Amino acid sequence: MSEAVSYELVGNIGIVSVNNPPVNALAQVVRAGILEAITIAQNDASEAIVLCCEGRTFIAGADITEFGKPPKEPGLPAALSAIENSSKPVIAAIHGTALGGGFEVALACHYRCAIASAKVGLPEVKLGLLPGAGGTQRVPRIAGVKAALDMITSGNPVAAKKALDMGLVDEVLSGDDVRSGAIQYAKGLVESGASLKRIRDITIDSAAIEPGFFDSARKQLVKRARGQIAQDKIVSCIEAAVNLPMDEGLERERELFKELVTSSESAAMRHIFFAERLAAKIKGLPRDTPVRDIKKVAIIGGGTMGGGIAMCFANVGIPVVMLEINDEALERGMHIIRKNYTITVQKGKLPADQMEQRIGLITGTTNYEDIGDVDLVIEAVFENLELKKEIFAKLDGVCKQGAILATNTSYQDVDAIAAATSRPQDVVGMHFFSPANVMKLLENVRGEKTADDVVATAMSIGKKIGKVCALSGVCYGFIGNRMLGGYGREAQMLLMDGCTPAQVDGSLERFGMAMGPLAMSDLAGLDVGYKARQGRTDLPDDPKLYRMGTLLVEMGRHGQKTGSGFYKYDPETRRRLSDPEVESMIKEEAAKLDLEQRDIGDDEILARCFYPLINEAALILEEGIAQRPSDIDVVYVFGYAFPVAKGGPMHYADQVGLKNVYDKICEFRDLYGEQYWKPAPLLKQLAEEGSTFAEWGAKNG
Ligand code: 3H9
């Protein structure tokens, strides 16, 4: 037997046990081991076979590291055929998460039992793939076409109880001991003379599918897919499950899986899967670095940001004290929190009683003395360094020793804030993204004096509250906002050179950005950038620079909140509409500056907006602000809605070719000046070496 799979006979039940830590992925040794064990079990005294797993989970899927490499025999279909064609019933015993190929193994079994805490799912779409081992053919046969489509195109897991209701599992076991529960269940099946239930033998009633069902599913998925191709192919597979015999359906599924596994989208999404996990690791810090216990949290500031952060902690059962300057502000903050939870309840995503429980965990105060006992404070007041320093000096006075003092600042100097206390080792940046209860990214900022265990705690508590964490060093804007400067600047420069706002945003949205930069500025408020620019002395004296953004604010067009900005907004639907007034104003302003307007295509728009971002990222890497290129990709995908199917700006740059990026930046430098376009030395070096950020990361990250 292979090392990763063992087989033993316990009474009349054969036990196939997979042991391939950490998540029992279906590496070649596992596939071979299952095949061998099932073959042995055919000829021994067993009357039923239980397939279970050691460790924390049932099989969590194919081994993703094998994709993109030459296939190794046996393939998964061979192991699944052996299970399905077994002469004795095979029972999958599920604990943890049965995902992807892992759940497909379970679906090939004749019966599936699970403990109550288990989940099953087909998350392949999140890797730009589709279930390639029968998932698209078997799930519609047992759960129905609509449920299968929802499950496979969302990729979201289903808890055991719901899986039972959907017909995905046959039994939810009592207790946590999956192995003995499954043995009992198997014995019961043997005693009752249960048949070999093969999902493949079920026929789907195609007459029950409404005409046009698949076409309308495709249309609905286009928006969610944001340029990804897997969704459409999943619909094709499920259509095949309805219209073709099982073996032909499996063949179709295999064919489309092969197309996806070699696609650039899936490569990008797999890159992000591993990048996300790598970002949690801190260079030079052992994995088992002790973390501080966080049992109670205080948030300073109950505005939109503070309220959102409070919700993140209440959502995982951690009590929060929210501190505001007066009762009125506090009440406003609590009201926003209640409103946000109510929306979640109305959407059916949270039971009403849980909403009350969560709100019950959030208390308010206006007195610093009341937060002396908390383990973590997160300051979330507006961006004013002096105010933040004052607050940290107060925190230093009241907080217990060992409490972590975090600032949610987006730009300010964490070291200067830390210096306002007598305990800079306990000060760290925890930069949440708005809305904090929704956005996945948490950019933790390590100050010069931040203690290792404080950094480790910020990363681990971030994971606990469901965030994807990345670590940044201290600089203006940290990783994400620092890179954004040139992106926003060029979006406006393009207007002066001949684009309309809709053209700029359209190009970036077709690329896959959730929202173009000008529409995004309208959403955030044009006055925000305007005010930030007022205080800056480092900007070139150039009348072209941010001209439209400035003029629009001066006209009272602050973006969505005033009903107009780069666009106008339908007062009823809030839909954005091109505004001919803005378009002619752009032309007039360009004429005043003697600028020649020209037709600009998508390629130039993408290069002008993204290459400054990539160039800044190269500086960030050289300066050691980011630990590795893939962390920057994580920041952009989870914090700035960069399309995951493009893998983040660093991965994208590698795909375009760093020489191409560098040459273009040099071309723009010659056209528009070095004050905007100055190639980063690292980018130049890698371009000349014919290397990539990924290769640099592997050596230095
Ligand atoms: C598929 O199945 C295709 C089939 O339909 C068709 C085949 C023909 N492979 O996430 P964690 C590593 S596609 C390789 O931190 P958690 C991970 O990188 C697959 N490695 O733990 C990490 O390594 P490290 C469909 C994997 O407890 C370590 O395991 N399945 C895989 O927070 C721990 O991971 C999926 O997409 C893998 N499949 O979460 C499921 N999975 O320690 C993907 C994990 O070096 N996996 N690793 O950083 C997950 O969603 C989560 O890992 C899971 C555990 C929920 C299982």
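Some points to look at:
- Each peptide in 617-628, 154-165, 350-361, 313-324 receives the mean, over its residues, of other Cβ atoms within 10 Å, and ordering these scores from highest gives 617-628, 313-324, 154-165, 350-361.
- The residues neighbouring Ile15, those whose beta-carbon lies less than 15 Å from its own, together hold a net charge of -3 under the Lys/Arg +1, Asp/Glu -1 convention.
- Segment 166-244-segment 84-158 distance, computed between alpha-carbon centres (Å): 7
- Between segment 337-386 and segment 1-55, the C-alpha centres lie 48 angstrom from each other.
- Beta bridges from DSSP with both residues in the chain: antiparallel share about 30 percent, rounded to the nearest 5.
- When nucleic acids and ligands are ignored and a 1.4 Å probe is applied, Arg224 ends up with an accessible area of around 130 Å².
- Remark: accessible surface ordering of Thr203, Thr500 (largest first) is Thr203, Thr500, probe radius 1.4 Å.
- Area of Cys475 that stays accessible when all protein chains are in place (1.4 Å probe, Å², to 10): 20
- When Lys467, Lys659, Lys119, Lys295 are compared by accessible area at a 1.4 angstrom probe, the order from most to least is Lys295, Lys659, Lys119, Lys467.
- Residues Thr262, Thr65 ordered from highest to lowest accessible area at a 1.4 Å probe: Thr262, Thr65.
- Pairwise FRET efficiency - Asn243 versus Gln42, Cβ, R0 = 35 Å, nearest 0.05: 0.55
- Hz values of 3J(HN,Hα) by residue in segment 148-164 - Karplus curve (6.51, -1.76, 1.60), Gly and Pro given as x: 5, 4, 4, 5, 7, 7, 8, x, 7, x, 10, 6, 3, 5, 5, 4, 5
- Under 14 Å from Lys561, Cα to Cα: aspartates and glutamates that are on another chain or at least 8 residues apart: Asp522, Asp527, Asp570, Glu572
- Added length on full extension, which subtracts the Cα-Cα distance from 0.36 nm per residue, Val656 to Glu191: 161.2 nm
- Amide H contacts for Ala403 (H built 1.01 Å from N in the peptide plane; partners 5 or more residues away or on another chain; cut-off under 5 Å): none found.
- Of the residues Pro435, Val105, Phe382, the one whose Cα sits farthest towards the positive end of the charge dipole of the chain is Val105 (charges of +1 on Lys and Arg Cβ, -1 on Asp and Glu Cβ, taken about the Cα centre).
- Segment Ser117-Asp452, length gained on full extension (0.36 nm per residue, minus Cα span): 117.2 nm
- Lys531-Asp150 FRET efficiency (beta carbon distance; Förster radius 25 Å; 0.05 resolution): 0.05
- Proximal aspartates and glutamates relative to Lys463, as straight alpha-carbon distance under 16 Å, when same-chain residues fewer than 8 apart are discounted: Glu276, Asp288, Asp293, Glu443, Asp453, Asp631
- Residue-wise HN-Hα coupling along segment 612-618, computed from phi with Karplus coefficients 6.51, -1.76, 1.60 (Hz; x: Gly, Pro): x, 5, 5, 5, 5, 4, 5
- As a calculated quantity, the FRET efficiency between Glu383 and Arg510 at R0 = 30 Å, using C-beta atoms, amounts to about 0.35.
- Other residues whose C-beta falls under 15 angstrom from the C-beta of Glu210 contribute a net charge of 0, scoring Lys and Arg +1 and Asp and Glu -1.
- Trypsin sites (Lys or Arg not before Pro) lying in DSSP loop within segment 556-609, provided at most 14 other Cβ fall within 10 Å: Arg574, Arg575, Arg598
- Shape of segment 419-465, Cα gyration tensor, a/c cut at 1.5: prolate
- Whole-number percent relative contact order across the chain, with pairs defined as alpha carbons under 8 Å at least 6 apart: 9
- With helices as the sole contributors, the chain gives -15000 deg cm²/dmol at 222 nm; each DSSP H run of n ≥ 4 counts as -39500 (n - 2.57), and the sum is divided by every residue.
- Restricting the calculation to alpha carbons of segment 436-534 gives Rg and Dmax of 17.0, 52 angstrom.
- Note on the chain: semi-axes of the ellipsoid equivalent to its C-alpha gyration tensor, largest first and rounded to whole Å, are 48, 32, 25.
- Proximal lysines to Lys659, defined as alpha-carbon separation beneath 17 angstrom and excluding residues fewer than eight positions away on the same chain: Lys678, Lys684
- In order through segment 416-428: 3J(HN,Hα) via Karplus (6.51 cos²θ - 1.76 cosθ + 1.60), integer Hz, x for Gly, Pro: 5, 5, 4, 5, 7, 10, 8, 9, x, 5, 9, 9, 8
- Gain on full extension, evaluated as 0.36 nm per residue between Ser180 and Asn326 minus their Cα-Cα distance, stands at 46.8 nm.
- Out-of-range pairs (alpha-carbon distance over 21 Å; input Lys281/Lys464; Lys161/Lys233; Lys146/Lys464; Lys119/Lys283): Lys161/Lys233; Lys146/Lys464; Lys119/Lys283
The values are calculated or read from the model by the stated rules, or taken from the named source; none is laboratory data. Small disclaimer: the values here were computed from a predicted structure and weren't measured. Here Cβ is always computed from backbone atoms with ideal geometry, including for glycine, and neighbour counts include all displayed protein chains. Accessible surface areas use protein heavy atoms only, side chains included; no ligands, DNA or RNA. Shrake-Rupley method; radii C 1.70, N 1.55, O 1.52, S 1.80 Å.
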